[in-house]
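K.L.:
The structure under discussion is supplied below as structure tokens; questions concerning it will follow.
The values are calculated or read from the model by the stated rules, or taken from the named source; none is laboratory data. Computed from a prediction, not measured in an experiment: that's the story for all the values here. Ideal geometry is used to build each Cβ from the backbone, glycine not excepted, and the neighbour counts take in all protein chains shown. Only protein heavy atoms, including side chains, enter the accessible area calculation; ligands, DNA and RNA are left aside. Shrake-Rupley method; radii C 1.70, N 1.55, O 1.52, S 1.80 Å.
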Amino acid sequence: MPVWLSDQEYAVLRAACGQMMPSDQGAPGAEEAGVADYIDILLGAFTIDPPRIWAGGPTSGRMGGDARFASFHRLSRLDELAWRMRIEGSQGVPEREFNGPVIEGSEQRRRLRDANEFRELLWEHCCEGMYGAPEYGGNRNGVGWAYIGRDGDVQPRGYTDAQVSQP
């Protein structure tokens, strides 16, 4: 069930993500990683309390330590304002327009019809959803990390200097 998008919008997003990151000969793509879920959850971050903006930490529990990523931090008033502006735009609210209006809604939709801008934005979020921490809704079961041969977040164990210095 989508968090923010309508069922139809979610289906279009899934198809677009699948075109950007298709499954290929056993390699996982956007569908397996839940990339559309990640984007939908980000758009609907403020429908969940606390908003799914910053996962806790410092460890996820996948490689030891407590599973703190599963708990999300409450945002300060200023952080909430900044994130709402990024996601929702200024909506004519004076406290959101201290640097001028921030577009959203129909104006964003008009601008996103430009294929190049849309593809760039979609690609950025597809990458985040494919390789980010699963607690944000994407990288389902760590398939993105597994595909590129990484353990993912390995705190508290960490990596050695040699592991991060060589390809």
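K.L.:
Computing the accessible area with a 1.4 Å probe over protein heavy atoms, can you report the carbon and sulfur percentage for the chain?
P.N.:
Details: 5420 of 10470 Å².
On the chain, the fraction of accessible area on carbon and sulfur atoms equals 52 percent.
K.L.:
Rounded to the nearest angstrom and ordered from largest down, what semi-axes does the equivalent ellipsoid of segment 11-67 get from its C-alpha gyration tensor (root of 5λ)? Each step should come with its number before you reach the end.
P.N.:
Numbers: eigenvalues 136, 72, 7 Å².
Values for segment 11-67, descending: 26, 19, 6 Å.
K.L.:
For ASP151 paired with VAL102, estimate the spin-label separation in nm (one decimal), with each label point 7 Å from Cα along the Cα-to-Cβ line.
P.N.:
In this crude spin-label approximation the distance works out to 3.8 nm.
K.L.:
Suppose every K and R has +1 on its Cβ and every D and E has -1 on its Cβ; what is the size of the dipole of segment 1-78 about the Cα centre, in Debye to the nearest 20? Before the final figure, lay out the partial values.
P.N.:
Details: 6 positive and 9 negative charges, 97 e Å.
So the magnitude is around 460 debye.
K.L.:
To the nearest 0.05, how large is the calculated FRET efficiency for ARG119 and ASP66 if R₀ is 35 Å and r is the Cβ-Cβ distance?
P.N.:
On the way: r = 39 Å, r/R0 = 1.12.
Efficiency computed from Cβ-Cβ geometry: 0.35.
K.L.:
Here's a follow-up. Compute the whole-percent fraction of alpha carbon pairs in the chain spaced more than 21 Å apart. Let's see the in-between values first.
P.N.:
On the way: 7700 of 13861 pairs.
I get 56 percent for the Cα pairs in the chain exceeding 21 Å.
K.L.:
Among the trypsin sites (Lys or Arg not before Pro) within segment 32-92, which fall in a DSSP loop and have no more than 14 other Cβ atoms within 10 Å of their own Cβ? Display every interim value, and only then the final one.
P.N.:
Values: sites: ARG52, ARG62, ARG68, ARG74, ARG77, ARG84, ARG86; in loops: ARG52, ARG74.
Listed in order of number, the matching sites are ARG74.
K.L.:
What is segment 13-167's relative contact order, in percent, from Cα pairs under 8 angstrom and six or more apart in sequence? Walk me through the intermediate numbers first.
P.N.:
Working: 207 pairs, mean separation 45.0, N = 155.
The normalised contact order for segment 13-167 reaches 29 percent.
K.L.:
Suppose every K and R has +1 on its Cβ and every D and E has -1 on its Cβ; what is the size of the dipole of the chain about the Cα centre, in Debye to the nearest 20?
P.N.:
140
K.L.:
Report the gain in length on full extension from ALA11 to ILE87: 0.36 nm times residue separation, minus Cα-Cα distance, nm rounded to one decimal.
P.N.:
Details: separation 76, 0.36 × 76 = 27.36 nm, distance 2.03 nm.
Gain in length upon complete extension: 25.3 nm.
K.L.:
Rounded to the nearest 500, what is the 222 nm mean residue ellipticity of the chain from helices alone, with -39500 (n - 2.57) per DSSP H run of 4+ residues and division by all residues?
P.N.:
Per the formula, -12500 deg cm²/dmol.
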